[in-house]
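Quick notes on the structure that follows.
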Amino acid sequence: MTETPNESAIATSVAPAARTFRIAVLPGDGIGPEVIAEAVRVLEAVRQKLEGVEFQFTEHPCGAGEYLRSGDPLPASTLRACGSANAILLGAMGLPDVRWPSGTEMAPQLDLREQLDLYAGVRPIKLYNPAHSPLKHTGAVDFVIYRENTEGLFSTRKNGYSRDALEVRDSLRVSRRASERLFRAAFRHAQRRRGLVTLVDKANVLPSMAYFRSIFDRISAEFPDVRTERVYVDAAALFLVQKPEAFDVIVTENMFGDILSDLAAGIVGGMGMAPSGDIGEHHAVFQPSHGTAPDIAGKGVANPLATILSAAMMLDWLGHDETRRAARLIEQAVEKLTADASFATPDLGGSMTTSEIGRLITEAL
Ligand code: ATP
């Protein structure tokens, strides 16, 4: 006899509605659109592996090219779309020849950080293959930089200047609120890693940095399970080259973080290997640490791994079990493929194109 399913059996067999994550995509300028295309391709491929999760991508104009088109590098419609998206995936912004009348480059990604209060610049630095590093002896390099994103020495960046002035000043602003939330985020991250936070400052010279350190000391007492170190920024530059494997989580001021994260990227293969997330309480932008690389734009040779790994960070940050699983799948695919040193664009000494790297990752997934 054939059994007819009863109503409740039918009800339980109906799949729950998929959770849709809305991703605002801002390709930007230079190599931005090239590397973003590969990251979106990888996200679409990994989505096929997930249960109950959908991604909805919408592209928005932003950058120096958009300034030339519309007069605004960060149109209000783009900012609104970013504000209502679940996460933002950004390529790179700015072109050397497109500048404000003051002479500074367009940097809508900095405006986004400020407008959406993305206070923590999170930059994982990981050596996937020793052949990528210019250093002779490297152990397992795997640390994260937490860069303060909203103040520091960037706080007066919008001040104009006159070429005829006798002097021009920038101020290094350190506020209790911005420092406390940054330090807490860094400590929480260290609890999920190897439990060490290194403060990088210049407390021996600058009063603002001595204040920064005093706030760090107080916040560290909230995390007795996390070890701490305090290193001056000049020594940090030295140690990053001499013993990069000693770091776990580095936390630092905006400008120091800007400089040290490029140095750190250099020891693991360059800008094409450095993902990042600019993270606030409610919003986050994920983008490669590199700029628009006008010298290689349009040639199809940009390394998309920093952007693909930034997309993985985004999936982790979205915080759903399935998106977290997807983040691990992407990282595992990158780990597996980079074990072979020929899986590389020219910046890593290889001869692969941007789209070959993207395609091989989607196949590995
Ligand atoms: P910004 O000031 O916006 O950070 P920048 O002009 O200082 O930008 P990048 O655009 O990051 O620096 O470029 C620095 C160097 O790194 C250039 O030689 C560029 O070609 C190279 N580079 C950057 N990103 C990549 C990438 N994804 N793949 C290969 N090379 C890259």
| note | GNM on the chain, Cα springs under 10 Å; top mean-square fluctuation among 144, 168, 285 goes to 168
| said: If amide hydrogens are placed 1.01 Å from N in the peptide plane, which non-local residues have theirs closer than 5 Å to the one on residue 230? | reply: 199
| request: Measure nothing but the geometry: give the 0 to 90° angle between the long axis through the Cα atoms of 354-364 and the longest principal axis through the Cα atoms of the chain, rounded to 10°. | output: 50
| query | If you take the charge dipole of the range 151-235 about its Cα centre, with +1 on Lys and Arg Cβ and -1 on Asp and Glu Cβ, which of 235, 211, 175 is farthest toward its positive end? | reply | 175
| request: Taking the chain as the reference, fit the longest principal axis to its C-alpha atoms, fit the long axis of helix 254-267 to the helix C-alpha atoms, and give the angle between the two in degrees, 0 to 90, nearest 10. | output: 60
| Carbon plus sulfur fraction of accessible area for the range 21-98, probe 1.4 Å, in percent | 47
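Using unit Cβ charges (K, R positive; D, E negative) and no other charged atoms, how large, in debye to the nearest 20, is the dipole of the range 230-359 about its Cα centre?
On the way: 8 positive and 17 negative charges, 59 e Å.
Around 280 debye, computed over the range 230-359.
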| query | Between 101, 304, 134, which gets the highest mean-square fluctuation from a Gaussian network model of the chain, Cα cutoff 10 Å? | reply | 101
| request: Pop a pseudo-label 7 angstrom from the Cα along the beta-carbon direction at both residue 171 and residue 59 and give the gap in nm to one decimal. | output: 4.2
| Suppose every K and R has +1 on its Cβ and every D and E has -1 on its Cβ; what is the size of the dipole of the chain about the Cα centre, in Debye to the nearest 20? | 700
| query | Which of the trypsin sites (Lys or Arg not before Pro) found in the range 171-255 are in a DSSP loop and have at most 11 neighbouring Cβ atoms, other than their own, within 10 Å? | reply | 192
| remark: For the chain, Rg(Cα) over 2.2 N^0.38 Å is 1.05
| field | Under 5 Å, built H, 5+ apart or other chain: amide partners of residue 289 | value | 274, 276
| Mind checking which aspartates and glutamates have their C-alpha under 15 Å from residue 336, skipping anything on the same chain fewer than 8 residues away? | 363
| With the dipole of the chain worked out from charges on the C-beta (+1 for Lys and Arg, -1 for Asp and Glu) around the Cα centre, which of 251, 71, 144 lies farthest toward the positive end? | 251
| field | Distance between the range 254-277 and the range 304-365 - C-alpha centres, whole angstrom | value | 18
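The values are calculated or read from the model by the stated rules, or taken from the named source; none is laboratory data. Just so you know, these numbers come straight off a predicted model, no measurement behind them. In this analysis, Cβ positions are derived from the backbone assuming ideal geometry, glycine residues included, and neighbour counts consider all displayed protein chains. SASA here: full protein model, heavy atoms, side chains in, ligands and nucleic acids out. Shrake-Rupley method; radii C 1.70, N 1.55, O 1.52, S 1.80 Å.
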